[in-house]
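The values are calculated or read from the model by the stated rules, or taken from the named source; none is laboratory data. The structure displayed is predicted, hence computed values, not measured ones. Neighbour counts are summed over all protein chains in view; Cβ atoms, including those assigned to glycine, are modelled from backbone coordinates with ideal geometry. In case anyone asks, the SASA skips ligands and DNA or RNA and just uses the protein heavy atoms, side chains included. Shrake-Rupley method; radii C 1.70, N 1.55, O 1.52, S 1.80 Å.
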Amino acid sequence: MESSYKKITDFIHDLYGAPEVPLHAPCFIGNEKKYLAECVDTTFVSSVGQFVDRFEEKMAQYTGAARAVTCVNGTNALHLALLLVGVARGDEVLTQALTFIATCNAIRYIDAHPVFLDVDQSTMGLSPDAMREWLSRNAEVKDSQCFNKNTQCRIKACVPMHTFGHPARIDEIADVCEEYHIELVEDAAESLGSLYKGQHTGLFGRVGVISFNGNKTITTGGGGMLLLNNEELGAQAKHLTTQAKVPHRWEFIHDRVGYNYRMPNINAALGCAQLEHLEEFVLNKRETAEKYHAFFATIDDMDYFLEPENCRSNYWLNTILLKDRQAQQDFLQYTNAHGIMTRPAWQLMNRLEMFKGCETDGLKHTQWLEERIVNIPSSVRRK
């Protein structure tokens with residue numbers, strides 16, 4: 001296989017025109033310096049300033065959300081989203097084990113408990129079939145609330161994740177949630193610019209969450225955002241992110257426990273500049289995906305992961321599937337030793353010490369994918 005590995009590394013070096021190729025680097029080609037300078041000149045670099053409002057308004061327009069609310073990072077946004085839909089201590093939240101730890105940490109911040117259900121091999125996201133099967137065996141609805149028959153805990157929410165930017169079968173997940181009176185919170189951290197049946201991810205439940213970490217399609221350095229389909233819930237979200245402070249010209253009045261989750265204006269300035277090029281970035285990444293797809297069709301024992309049916313994926317990370325765990329580890333070793341940053345999927349959440357006791361459904365497809373996934377360089381290419 002070493003000859004194939006060399007062919008692959010040579011192709012990626014040529015594709016990006018560099019001896020060392022990162023997994024996903026930010027791309028700054030627009031008004032970033034200009035807006036940052038404006039921000040500094042006004043002295044509004046912290047929690048108040050025109051760029052926060054502009055970033056929220058422009059993101060709502062781009063995605064089609066009724067309201068967008070910035071947060072300091074995606075994890076904070078997930079935490080707040082769960083609170084907004086009523087998740088409380090002792091509740092259970094359906095999610096996937098193939099995800100970044102932020103998904104589960106946000107659940108635990110509330111002292112709620114994740115239940116890990118299987119994913120679809122075709123999407124790498126939470127499977128509505130696995131949900132329906134598990135709920136039919138383990139759940140019952142009483143007084144318009146869903147309960148786990150075994151633990152007697154309320155199953156309050158479901159958090160699917162659009163893995164590596166590829167949309168899950170989110171309309172079917174939403175249908176299952178509605179049938180069982182479960183709130184849907186979309187972890188769309190990786191899928192900004194991705195569409196499912198023409199609709200932007202993050203808008204199929206009451207709340208969706210986006211991340212703007214440095215390795216995302218666009219970045220604010222660190223940052224996150226709530227996408228909301230309801231103006232009233234959006235106003236509540238904004239209130240909570242700003243320490244629940246009641247507006248007043250000089251008094252400091254707070255009407256409930258709030259959170260210091262507001263995005264600084266200086267980060268939002270960066271976000272405004274990045275957002276101006278978002279669609280260009282997505283199209284660039286989709287072009288890269290086409291090149292990868294054509295190339296890997298010539299490589300034996302590796303399958304390139306294509307966007308699922310009815311989707312427009314942002315291809316945040318390009319993914320290949322190897323034949324087994326040993327092949328995966330051999331490929332990771334070779335590419336990282338030859339100037340190509342590649343990475344496996346995250347360690348499954350149910351294998352981490354703090355989540356080992358959480359219920360699962362066996363995770364057959366999840367484990368199959370974990371043993372084979374390798375993510376390859378996916379930055380916006382400078383032409």
- Query: Does the stretch 42-59 hold any residues that are open to solvent by less than 70 Å² (accessible area, probe 1.4 Å) and without any contact (Cβ under 8 Å) to a residue 12 or more places away in the chain, and which are they?
  - Reply: THR42
- Residues ARG351, ARG343, ARG312: which one is open to solvent by less than 60 Å² (accessible area, probe 1.4 Å), out of contact with any Asp or Glu (no Cβ under 6 Å at 6 or more places or on another chain) and not hydroxyl-bearing (Ser, Thr, Tyr)? ARG312
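Among the helices (runs of 4 or more DSSP H) confined wholly to the stretch 265-346, which include 3 or more residues that are under 30 Å from THR43 (Cβ atoms)?
Numbers: elements: 265-275, 278-296, 325-337.
In the stretch 265-346, the matching helices (runs of 4 or more DSSP H) lie at 265-275.
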- Note on the structure: Scanning the stretch 103-139 for residues that are hydroxyl-bearing (Ser, Thr, Tyr) and closer than 18 Å to LEU82 by Cβ, the one surrounded by the fewest Cβ atoms within 10 Å (Cβ to Cβ) turns out to be TYR109
- Of the conditions (1) surrounded by fewer than 18 Cβ atoms within 10 Å (Cβ to Cβ); (2) closer than 30 Å to ASN229 by Cα, the single one that LYS33 does not satisfy is (2)
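So which of GLU371, GLU353, GLU287, GLU279 is at pLDDT 95 or above and touching a helix residue (DSSP H, G or I) at 6+ places or on another chain (Cβ under 6 Å)?
Working: GLU353 fails: touching a helix residue (DSSP H, G or I) at 6+ places or on another chain (Cβ under 6 Å); GLU287 fails: touching a helix residue (DSSP H, G or I) at 6+ places or on another chain (Cβ under 6 Å); GLU279 fails: touching a helix residue (DSSP H, G or I) at 6+ places or on another chain (Cβ under 6 Å).
Among GLU371, GLU353, GLU287, GLU279, only GLU371 is at pLDDT 95 or above and touching a helix residue (DSSP H, G or I) at 6+ places or on another chain (Cβ under 6 Å).
Mind counting the residues in the stretch 152-174 that are among the polar types (S, T, N, Q) and touching a residue at least 60 places away in the same chain (Cβ under 8 Å)?
Residues of the stretch 152-174 that are among the polar types (S, T, N, Q), as a first pass: 152, 163.
From what's left, touching a residue at least 60 places away in the same chain (Cβ under 8 Å): 163.
Final tally of qualifying residues: 1.
Residues that are free of Cβ contacts under 8 Å to residues at least 40 places away in the same chain, out of contact with any helix residue (DSSP H, G or I) (no Cβ under 9 Å at 6 or more places or on another chain), surrounded by fewer than 15 Cβ atoms within 10 Å (Cβ to Cβ) and not charged (D, E, K, R): does the stretch 328-335 have at least one?
Taking the stretch 328-335 and keeping what is free of Cβ contacts under 8 Å to residues at least 40 places away in the same chain, we get 329, 333.
Cutting the leftovers down to out of contact with any helix residue (DSSP H, G or I) (no Cβ under 9 Å at 6 or more places or on another chain) gives us 329, 333.
Checking the rest, the ones that are also surrounded by fewer than 15 Cβ atoms within 10 Å (Cβ to Cβ) come to 329, 333.
Still in the list and also not charged (D, E, K, R): 329, 333.
Yes: the stretch 328-335 contains one or more residues that are free of Cβ contacts under 8 Å to residues at least 40 places away in the same chain, out of contact with any helix residue (DSSP H, G or I) (no Cβ under 9 Å at 6 or more places or on another chain), surrounded by fewer than 15 Cβ atoms within 10 Å (Cβ to Cβ) and not charged (D, E, K, R).
Test of understanding: among ARG89, ARG67, which residue is modelled with pLDDT of 95 or more, among the basic types (Lys, Arg) and within 20 Å of SER211 (Cβ to Cβ)? So that I can check it myself, show each step before the final result.
Numbers: ARG89 fails: within 20 Å of SER211 (Cβ to Cβ).
ARG67 is the lone residue from the list that is modelled with pLDDT of 95 or more, among the basic types (Lys, Arg) and within 20 Å of SER211 (Cβ to Cβ).
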- Subset of the stretch 140-165 [under 14 Å from the mean Cα position of the chain (by Cα) and open to solvent by 10 Å² or more (accessible area, probe 1.4 Å)]: none
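May I ask you to verify whether TYR304 is among the hydroxyl-bearing types (Ser, Thr, Tyr) and either touching a Lys or Arg at 6+ places or on another chain (Cβ under 7 Å) or under 17 Å from HIS13 (Cα atoms) (or both)?
Details: among the hydroxyl-bearing types (Ser, Thr, Tyr): yes; either touching a Lys or Arg at 6+ places or on another chain (Cβ under 7 Å) or under 17 Å from HIS13 (Cα atoms) (or both): no.
No, not satisfied.
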- Item | Where THR95 falls short, out of the listed (1) closer than 19 Å to PHE164 by Cβ; (2) assigned to a helix (DSSP H, G or I) | (2)
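Output the residues belonging to the stretch 32-55 that are part of a helix (DSSP H, G or I) and β-branched (Val, Ile, Thr). First the steps, then the outcome.
First pass over the stretch 32-55, keeping only residues part of a helix (DSSP H, G or I): 32-42, 50-55.
Within the stretch 32-55, VAL40, THR42, VAL52 qualify.
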- Message: Looking only at the stretch 265-283, count every residue that is of a type in the set (A, V, I, L, M, F, W, C) and open to solvent by 80 Å² or more (accessible area, probe 1.4 Å) and tell me the total.
- Response: 1
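Sort out which residues of the stretch 354-383 are exposed (fewer than 14 other Cβ atoms within 10 Å of the Cβ), more than 22 Å from the chain's Cα centre (by Cα) and at negative phi, and write them in order of number. Break it down stepwise before answering.
Keep residues of the stretch 354-383 that are exposed (fewer than 14 other Cβ atoms within 10 Å of the Cβ), which gives 354, 356-357, 362, 364, 382-383.
Imposing the further condition that a residue be more than 22 Å from the chain's Cα centre (by Cα) reduces the set to 356-357, 362, 364, 382-383.
Within the stretch 354-383, LYS356, GLY357, LYS364, ARG382, LYS383 qualify.
When only residues in the stretch 98-125 that are part of a loop (DSSP other than H, G, I, E, B) and among the polar types (S, T, N, Q) count, which is nearest to the chain's Cα centre (by Cα)?
Here is the first cut: in the stretch 98-125, the ones part of a loop (DSSP other than H, G, I, E, B) are 98-100, 110-112, 118, 120-125.
Filter once more, so that each one left must be among the polar types (S, T, N, Q): 99, 121-123.
Working: THR99: 9, GLN121: 18, SER122: 17, THR123: 14 Å.
Among those that are part of a loop (DSSP other than H, G, I, E, B) and among the polar types (S, T, N, Q), it is THR99.
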- Task: Scan the stretch 250-264 residue by residue and report those that are open to solvent by 90 Å² or more (accessible area, probe 1.4 Å) and either part of a loop (DSSP other than H, G, I, E, B) or in contact with a Leu (Cβ under 6 Å, 6 or more places away or on another chain) (or both).
- Result: TRP250, PHE252, ASP255, ARG256, VAL257
- Message: Here is a check on your reading of the model: is ALA81 in contact (Cβ under 8 Å) with a residue 60 or more places away in the chain and either part of a helix (DSSP H, G or I) or of a type outside the set (D, E, K, R) (or both)?
- Response: yes
